[in-house]
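Below: the structure, in C-alpha cells.
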Amino acid sequence: MKLVLDNFTLVIFGASGDLAKKKLLPALYELVKIHDIKDNFRIIGFGRSVYNHETFRNYLGETFAQAKSGVACTDPQFKGFCEKIFYVQGDYEEASAYQRLKEEITLKAQNKQVCSNVLFYLATPPQVSALIIKNLNKTPGLNGKTGQCWNKVIVEKPFGTDLKSARALNHLLAQGFLEKQIYRIDHYLAKETVQNIFAFRFANTFFEQIWNSQCIDNVQIMIAEDFGIFERGRYYEKAGLIRDIIQNHGLQLLATIAMDAPKSDREDAIRDQKLKIFKAIHRMKEKELRNSVVLGQYEGYTQEKNVASDSQVETYAAIKFLINNQRWSNVPFYICAGKNLKKNLTEIVLNFRKPKYEYFKEKNCNFEANQLVIQIQPEEKINLKFGAKRPGEKMIIEPVKMAFDYKTSFTQKGLSAYHRLLEDAILGDQTRYVRKDCVEELWKIVDNIKTGLKNEKPIPYKPKTWGPKVLDF
Ligand code: BG6
C-alpha cells in the first residue's frame, strides 16, 4: 500500500559504519521504491571520515552493491537514488560541523521551498550518541524545537551501557526533544514474525485461554547465530552478549509472549503491557543467579581483532527468568543466545504440560507433551506438535504436527524490519519503538545480572556447536 509520506531528510551519524551499509540504505531504497518517492527525500551522511558527496556516494554505492546483488550507483536503476546522498564531514564534538550540517539541510529545502523535516539517525556507540545529542540540542534548527517542520531522532541500540548511562542519555534527549520525537530502536520489534505473535495470540480464540501457568510448563527462547563477532571486537569487549542481545531482543521476545492483551490500539497500549512484564521479572540474588545463568565464550574469541587475550567477555548466555505474576507463576522462561553456534535460528518454544488423564496411564501408553514452536527466522513458521493415535489396534500415541508457514500461506513479501521502522518514524508511530521507561527497566534487569555475576568466568565452547553444556536449571 502506498502511504503519503512527508518529505524528509535522513541524517545518518556513523554513516560509514556497517549498519548504514547493510541495513539502512537497502531499507531506504525499498521504501523509496515502494512509495514512489522521487524527490521528497535526501540522505546526508555525517562522520569523521574524509569524503565529499561524490566519494561518499561511491563508497556507499559499492558496499550497497555488494549487499544488493552486485548493482552499484553507476547502474541507471540506482542512479536516481544515489544522487540523493550527500555528505558532511566533521568531528562529533565540533560545534561548527553542526552548523555546516544545518546549512546542508536547509539549503536544498530553501531552494525547493519545502519544509526540511529531519530524521536524525544515531548509528553510533552510546558515548558518541551522547556527544551528538548535546550538539543537536545546542544548535537551533537541529533540535526538537522547530517551527512547522518536524525533527525526530532515532537512537540505535544499545541505548546506553547500563541503567545509569541510559538514564543520562534519556535526560540529555529530553533537553532538546520531546518524547514523541524520540525513537529508540530494537529492530526485533518490527520483524514480521514477531508482530505476528500479537495476531496469533489476540486475534484467535484457541490459545489465549491456555496461555498461562495452568497449561504451560516452560518457555524457551533461542537466538542462535552461526557467526562470530566479525570486526566488532571493540564493541563486544564492552558489551558482551547479555547487553548486545538479551537486554533488548531476548527480553522483548519474552515480553511479547508473556504480556497481557493491550487494552486499546493506542501506540502506548502494547508498551504499557510490556512494561508490566519487565517490572514483574524476578530479580535474582547472587546465589540464585549462579544457578540460573550459564555463560560461555567461543574458542578463538580472544584471537579476534581488538579483543584482549585474556578476555572474560561472554559470547553465549542461557538465563532462566521467572515472572512474578499470576499468569506465569513458577513458569521458567529460558533465554538462550549465542554467537558462533551451530546454526542461525531464532525460535520460541512453548512446552505445554501433559494432561493428567488416568486413562492413558492405565493403558501404559506414553506420549509427549504438546509443543508450540514459533520460528522467527530463518524460516517464518509456526508448528503445533500434538499426539495422534497411530493407526492400528493398540493405543499408541505419536507426535505429529500442524504447520503454518508464511512462505506457503502468503504470496506477498514482508517488509524488512528497518524499512518498517523508518516508515514508522516518518509517520510518527512509536508502537514498534522502545519507550523511555521500558529501556530503563530492561537495564535494571540486566544490571542486576551483570553485577551479581561480575566474577563469573564464561565456559569455553567449540564454534559451530550448541554452546557449553547447559546445566539442568
Ligand atoms: C544486533 C546485534 O542488534 O542484532 C548483533 O548487535 C546481532 O550482534 C543482530 O547479530 C541480529 O539481528 P538479526 O536481525 O540478524 O537477527
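The values are calculated or read from the model by the stated rules, or taken from the named source; none is laboratory data. Quick caveat, the model's predicted, so the values are computed rather than measured. All Cβ positions, glycine included, derive from the backbone under ideal geometry; neighbour counts span all protein chains shown. Heads up: the accessible areas ignore ligands, DNA and RNA and are worked out on the full protein's heavy atoms, side chains in. Shrake-Rupley method; radii C 1.70, N 1.55, O 1.52, S 1.80 Å.
Residues in the stretch 411-463 that are among the hydroxyl-bearing types (Ser, Thr, Tyr) and under 20 Å from Lys33 (Cα atoms) were compared, and the one that is least open to solvent (accessible area, probe 1.4 Å) is Tyr418.
For the stretch 201-233, the candidate set comprises residues that are acidic (Asp, Glu) and either open to solvent by less than 60 Å² (accessible area, probe 1.4 Å) or more than 16 Å from the ligand (Cβ to nearest atom) (or both); within that set, the residue that is modelled with the lowest pLDDT is Glu208. Scan the stretch 155-164 and give yes if some residue there is part of a strand (DSSP E or B) and at pLDDT 95 or above, otherwise no. Yes: one or more hits.
When the helices (runs of 4 or more DSSP H) confined to the stretch 234-336 are screened for residues that are open to solvent by 10 Å² or more (accessible area, probe 1.4 Å) and not basic (Lys, Arg), those reaching at least 2 such residues are found at 267-280, 286-292. A single member of Val313, Val307, Val294 is over 23 Å from Ala417 (Cα atoms), within 16 Å of the ligand (Cβ to nearest atom), within 24 Å of the chain's Cα centre (by Cα) and among the β-branched types (Val, Ile, Thr), and it is Val313.
Can you find a residue in the stretch 141-164 that is farther than 26 Å from Glu267 by Cβ, touching a residue at least 60 places away in the same chain (Cβ under 8 Å), within 16 Å of the ligand (Cβ to nearest atom) and surrounded by 15 or more Cβ atoms within 10 Å (Cβ to Cβ)? Looking for residues that are farther than 26 Å from Glu267 by Cβ, touching a residue at least 60 places away in the same chain (Cβ under 8 Å), within 16 Å of the ligand (Cβ to nearest atom) and surrounded by 15 or more Cβ atoms within 10 Å (Cβ to Cβ), one finds at least one in the stretch 141-164, hence yes.
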